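These notes concern the structure reproduced below.
Where a number appears in this text, it was derived from the coordinates with a stated rule and is not lab data. Treat the numbers as computed from the prediction; the structure is a model and nothing was measured. Virtual Cβ from ideal backbone geometry, glycine too; neighbours counted across all protein chains shown.
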Amino acid sequence: QVQLVESGGGSVQAWGSLRLSCTASGRAFSSVAMAWFRQAPGEEREFVAAIIWSSRLTYYADSVKGRFTISRDNAKNTIYLQMNDLKPEDTAIFYCGARNTYGDIFSRSLYNSWGQGTQVTVSS
């Protein structure tokens, strides 16, 4: 089991920036990929970005391409999400997920460990 702890959320005005962090502990070495998802009030949890642990390949939702960057620090078992040019529609709880299987990187159901979430609020 992998334990995930997110941090870095907060409130920011439109066009501002935030950086989220997610640190893994426990059996972190067994993770194949880690990702960020987000959930706005009344909406489903949706994919934001993912990174393959060994290759550093990255994937992004179309809505955040060019604005968000996912990265990792192996030594710290930590991934980051740098969010620039934030928009009010980015307001959501952001969750970090980890998985130990390959497959559809965008599929929420294949992530078997989740953090508690961190709130991001963007005002216009």
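A few remarks follow.
- Projected label points at residue 39 and residue 85, each 7 Å from Cα along the beta carbon direction, are separated by 2.9 nanometres.
- Two-decimal Rg to Rh for the range 72-124 - Kirkwood Rh, Cα set: 1.02
- Charge dipole magnitude, Cβ of K and R +1, D and E -1 - the chain, Cα centre, debye nearest 20: 380
- When the chain is treated as a Gaussian network with alpha carbon springs shorter than 10 Å, the biggest mean-square fluctuation among 42, 103, 66 belongs to 42.
- If the Kirkwood radius is taken over C-alpha pairs of the range 2-41, then at 10 °C and 1.306 mPa s the Stokes-Einstein diffusion coefficient equals 129 µm²/s.
- Farthest positive-ward along the chain dipole, Cα basis, beta-carbon charges - from 92, 79, 9: 79
- Where the Cα pairs of the chain fall when distances are cut into 5 Å bins, in %: 2, 12, 24, 26, 20, 10, 5, 1, 0
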